[in-house]
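Participant: If you scroll down you'll find the structure; I have some questions about it.
The values are calculated or read from the model by the stated rules, or taken from the named source; none is laboratory data. On a predicted model such as this, the values are computed, not experimentally measured, just so you know. For neighbour counting, all protein chains shown are included, and Cβ atoms are generated from backbone atoms with ideal geometry for every residue, glycine included. Heavy atoms of the whole protein, side chains included, go into the accessibility calculation; ligands, DNA and RNA do not. Shrake-Rupley method; radii C 1.70, N 1.55, O 1.52, S 1.80 Å.
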Amino acid sequence: MTAVAAEAAAVVADAGPADDLVPLPGGYALTRTPDYDVLVGGVGPAAAAAATATALAVADTPYGLVVSAGIGGGFPSHAPVGSLVVSDTVVAADLGADTPDGFLPVDELGFGRTSHPSPAGLSALVARTLGAAHAPV
């Protein structure tokens, strides 16, 4: 799953032949390689969730794994462009509300969690295997 077509193109660049982006219901686009599919789902958590849920619901064959891939923000001192980062925790740092006392994250508002830990052993193993950074995303 990527947010924009440029990210999808980067994901499939070294995968060999890939289909062109194929429009899907809901405005999403899909490209297929011999080994995996890459979906362009849109920017933001709501678009990513809707696109992922749609793809999983309408798939002819069940997917065994879903990966969110993209630029993930800009942290050039820790992960320059082109780096690979495997999350140990997904942090929804932008979810919350402005209040007279400043920004309050969603967990302080009582509407859920800001941090979602990845399966510790699995994410660490994947990061080591890929030579990736292992850090909060």
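Participant: Report, ordered by the first and then the second residue, all pairs with beta carbons closer than 8 Å, sequence separation of six or more or different chains, a first member in the range 103-127 that is farther than 15 Å from VAL85 by Cα, and a second member that is hydrophobic (A, V, I, L, M, F, W, C) and part of a helix (DSSP H, G or I).
Facilitator: Cβ pairs passing all conditions: GLY112/VAL106; ARG113/VAL106; THR114/VAL106.
Participant: Restricting the search to the range 89-112, which residues are surrounded by 13 or more Cβ atoms within 10 Å (Cβ to Cβ) and touching a helix residue (DSSP H, G or I) at 6+ places or on another chain (Cβ under 7 Å)?
Facilitator: If the condition is that a residue be surrounded by 13 or more Cβ atoms within 10 Å (Cβ to Cβ) and touching a helix residue (DSSP H, G or I) at 6+ places or on another chain (Cβ under 7 Å), then ALA92, LEU95, GLY96 are the ones that fit.
Participant: Mind checking which residues of the range 41-67 are β-branched (Val, Ile, Thr) and closer than 26 Å to LEU122 by Cβ?
Facilitator: Listed by number, the residues that qualify are THR52, THR54, THR61, VAL66, VAL67.
Participant: Which strands (runs of 3 or more DSSP E) sit wholly inside the range 76-121 and have at least 2 residues that are among the acidic types (Asp, Glu), under 18 Å from the mean Cα position of the chain (by Cα) and at positive phi?
Facilitator: On the way: elements: 85-91, 96-99, 102-105, 115-117.
Here the list is empty.
Participant: GLY16 is checked against (1) over 23 Å from SER123 (Cα atoms); (2) surrounded by 15 or more Cβ atoms within 10 Å (Cβ to Cβ); (3) at pLDDT below 85 and fails just one. What number does that condition carry?
Facilitator: For GLY16, the exception is condition (2).
Participant: Filter the range 54-75 down to the residues that are open to solvent by 90 Å² or more (accessible area, probe 1.4 Å) and either farther than 26 Å from ALA10 by Cα or not in a loop (DSSP other than H, G, I, E, B) (or both) and list them by number.
Facilitator: To start, the set of residues in the range 54-75 that are open to solvent by 90 Å² or more (accessible area, probe 1.4 Å) comprises 58, 60-63, 65, 68, 71, 75.
VAL58, PHE75, listed by residue number.
Participant: Also, I was wondering about something else. Assuming VAL11 fulfils every condition listed in (1) β-branched (Val, Ile, Thr); (2) outside any loop (DSSP other than H, G, I, E, B); (3) modelled with pLDDT of 85 or more apart from one, which condition is it?
Facilitator: Here VAL11 meets the rest and fails (3).
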